[in-house]
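S.K.: Once you've had a glance at the structure underneath, I'll fire off some questions.
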Amino acid sequence: GGCTATIIYKVDKQDDIEIDAKTAGLMLSAIISDTLLFKSPTCTEEDKKVAEKLANIADVDVVEYGNKLLKAGTDISDFTAEQVLNIDSKQFEEKGKKFVISQVNSADLNDIFARKFELESAINTELKEKNLDLYMFVATDILNANSKVIALGNDTNIVEKAYGLNLQDNTVMLENVVSRKKQILPKILDNLQ
């Protein structure tokens, strides 16, 4: 796998195309946001190596630049609760169950959970309108690589079984979980009855 930007970098290298600072910055930004600054399980060693090279060309510190970029990309203070849920939401249907896993990246989970009541109310509307068995809202802390979940619906026990944890007030903290594709969906699918 690896990021598209990593692949472009390698192609440019083969063709001896000089990458200027601005282009390097853009490609670096793509790698950082794709891999959540290398914390995502989708990240490859190649991505890290290329990012370092691009950071040199762009003359930035990878970690400092990366944290700034990720923070800037997560400001959702102007979004309504509905908009927050729909930033990145996917609906699945498996074994007769209909569920949604919605994910939002954040540099500060407290910002998001200050709006918990509002978010839960919007989730309950979605559950009714789409006739869902489960709605899983995942707020991912991109700086510490954890996710805090709000789970609502008739089948929230699936989430508890998947991670061996109990929901408290509809929420649960998942340590080192950042990828819906690799760390969330497979576990949910495995625990559907």
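The values are calculated or read from the model by the stated rules, or taken from the named source; none is laboratory data. Since the structure is predicted, the reported quantities are computational estimates derived from the model, not experimental observations. Don't worry about glycine lacking a Cβ; one is built from the backbone with ideal geometry, like all the others, and counts go over all protein chains shown. Areas reflect the complete protein model, heavy atoms only, side chains present, ligands, DNA and RNA absent. Shrake-Rupley method; radii C 1.70, N 1.55, O 1.52, S 1.80 Å.
S.K.: Identify, from the list Phe137, Phe99, Phe113, Phe117, the residue that is open to solvent by 60 Å² or more (accessible area, probe 1.4 Å), within 19 Å of Val172 (Cβ to Cβ) and among the hydrophobic types (A, V, I, L, M, F, W, C).
M.R.: Phe117
S.K.: Among the residues of region 45-67, are any closer than 30 Å to Gln193 by Cβ, open to solvent by less than 90 Å² (accessible area, probe 1.4 Å) and in contact with a helix residue (DSSP H, G or I) (Cβ under 6 Å, 6 or more places away or on another chain)?
M.R.: No: region 45-67 contains no residue that is closer than 30 Å to Gln193 by Cβ, open to solvent by less than 90 Å² (accessible area, probe 1.4 Å) and in contact with a helix residue (DSSP H, G or I) (Cβ under 6 Å, 6 or more places away or on another chain).
S.K.: Look at Leu132 and say whether it is within 20 Å of Asp88 (Cα to Cα) and crowded, with 19+ Cβ neighbours inside 10 Å.
M.R.: yes
S.K.: Then there's this: Mind checking which residues of region 82-98 are of a type in the set (Asp, Glu) and outside any helix (DSSP H, G or I)?
M.R.: Answer for region 82-98, where residues must be of a type in the set (Asp, Glu) and outside any helix (DSSP H, G or I): Asp88, Glu93, Glu94.
S.K.: Condition test on Phe79, is it open to solvent by 50 Å² or more (accessible area, probe 1.4 Å), in a loop (DSSP other than H, G, I, E, B) and either modelled with pLDDT of 90 or more or within 23 Å of Gln183 (Cβ to Cβ) (or both)?
M.R.: It is true that Phe79 is open to solvent by 50 Å² or more (accessible area, probe 1.4 Å), in a loop (DSSP other than H, G, I, E, B) and either modelled with pLDDT of 90 or more or within 23 Å of Gln183 (Cβ to Cβ) (or both).
S.K.: Of the residues Val138, Val149, which is assigned to a strand (DSSP E or B) and touching a residue at least 40 places away in the same chain (Cβ under 8 Å)?
M.R.: Details: Val149 fails: touching a residue at least 40 places away in the same chain (Cβ under 8 Å).
Matching residue, one of Val138, Val149: Val138.
S.K.: If I ask for residues that are open to solvent by less than 40 Å² (accessible area, probe 1.4 Å) and under 12 Å from the mean Cα position of the chain (by Cα), which ones from region 150-184 would you list?
M.R.: Val177, Val178, Ser179, Arg180, Ile184, listed by residue number.
S.K.: Then there is this: Take region 9-39 and flag every residue that is more than 15 Å from Asp59 (Cβ to Cβ) and part of a helix (DSSP H, G or I).
M.R.: Tyr9, Lys10, Val11, Asp12, Lys13, Gln14, Ala30, Ile31, Ile32, Ser33, Asp34, Thr35
S.K.: Is it the case, given these coordinates, that Thr42 is under 16 Å from Val138 (Cα atoms), within 21 Å of the chain's Cα centre (by Cα) and part of a loop (DSSP other than H, G, I, E, B)?
M.R.: Working: under 16 Å from Val138 (Cα atoms): no; within 21 Å of the chain's Cα centre (by Cα): yes; part of a loop (DSSP other than H, G, I, E, B): yes.
When the stated conditions are applied, Thr42 does not pass them.
S.K.: Is region 1-10 home to any residue that is among the hydrophobic types (A, V, I, L, M, F, W, C), more than 24 Å from Ser179 (Cα to Cα) and over 17 Å from the mean Cα position of the chain (by Cα)?
M.R.: No - not one qualifying residue is present in region 1-10.
S.K.: Is it the case that region 52-75 has a residue that's at pLDDT below 95 and within 30 Å of Lys128 (Cβ to Cβ)?
M.R.: Yes, that holds for at least one residue.
S.K.: Can you pull out the residues in region 61-75 that are within 14 Å of Asn144 (Cβ to Cβ) and either in contact with a Gly (Cβ under 6 Å, 6 or more places away or on another chain) or outside any helix (DSSP H, G or I) (or both)?
M.R.: Thr74
S.K.: Check whether at least one residue in region 118-134 is in contact with a Lys or Arg (Cβ under 7 Å, 6 or more places away or on another chain), more than 23 Å from Ile76 (Cβ to Cβ) and in a loop (DSSP other than H, G, I, E, B), and report yes or no.
M.R.: yes
S.K.: Quick one: would you say Ser106 is open to solvent by less than 20 Å² (accessible area, probe 1.4 Å) and touching a strand residue (DSSP E or B) at 6+ places or on another chain (Cβ under 6 Å)? Spell out the reasoning first.
M.R.: Details: open to solvent by less than 20 Å² (accessible area, probe 1.4 Å): yes; touching a strand residue (DSSP E or B) at 6+ places or on another chain (Cβ under 6 Å): yes.
It is true that Ser106 is open to solvent by less than 20 Å² (accessible area, probe 1.4 Å) and touching a strand residue (DSSP E or B) at 6+ places or on another chain (Cβ under 6 Å).
S.K.: A follow-up question, please. Within region 6-19, can one find any residue that is under 18 Å from Leu143 (Cβ atoms) and surrounded by fewer than 17 Cβ atoms within 10 Å (Cβ to Cβ)?
M.R.: Filtering region 6-19 for residues under 18 Å from Leu143 (Cβ atoms) gives none.
Looking through region 6-19, none of the residues is under 18 Å from Leu143 (Cβ atoms) and surrounded by fewer than 17 Cβ atoms within 10 Å (Cβ to Cβ).
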